[in-house]
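Visitor: Got a structure for you, written out below as structure tokens; questions coming shortly.
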Amino acid sequence: MNRSHKLELEKLKAKNEYTKADLEIANELLKQDDPPFKEEVEKVVDKITKILNNKS
């Protein structure tokens with residue numbers, strides 16, 4: 001994980017509205033080999049998925 005990955009995660013966490021593109025970004029962040037970071041990203045992925053499923 002580098003600073004840009006952390007920054008991208010923070011941007012996603014701060015959003016109120018999500019798109020499929022945001023979900024794709026979060027899924028890319030999941031590929032990082034840093035367990036604590038990955039755990040944070042998984043929470044964001046779950047949040048985005050739930051919001052997108054409720055919109056449909």
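The values are calculated or read from the model by the stated rules, or taken from the named source; none is laboratory data. Because the structure is predicted, anything quoted here is derived from the model rather than measured. Quick reminder, even Gly has a Cβ in these numbers, built from the backbone with ideal geometry, and neighbours come from all protein chains shown. Calculation scope for accessible area: heavy atoms of the full protein, side chains included, ligands and nucleic acids excluded. Shrake-Rupley method; radii C 1.70, N 1.55, O 1.52, S 1.80 Å.
Visitor: Could you look through segment 47-56, keep only residues that are open to solvent by less than 100 Å² (accessible area, probe 1.4 Å) and over 12 Å from L12 (Cβ atoms), and pick out the one that is farthest from the chain's Cα centre (by Cα)?
Guide: That would be L52.
Visitor: Output the qualifying pairs, or none if there are none: Cβ atoms under 7 angstrom, residues six or more apart or on different chains, first residue in segment 6-33 and more than 16 Å from K55 (Cβ to Cβ), second residue at pLDDT below 95 and open to solvent by 80 Å² or more (accessible area, probe 1.4 Å).
Guide: Filtered contacts from segment 6-33: Q32/M1.
Visitor: While we're on this one: Applying the selection to segment 25-45, what residues are open to solvent by 70 Å² or more (accessible area, probe 1.4 Å) and more than 8 Å from the chain's Cα centre (by Cα)? Spell out the reasoning first.
Guide: So the first thing to find is which residues in segment 25-45 are open to solvent by 70 Å² or more (accessible area, probe 1.4 Å), and the list is 28, 31, 33, 35-36, 38-39, 42-43.
Within segment 25-45, E28, K31, D33, P35, P36, K38, E39 qualify.
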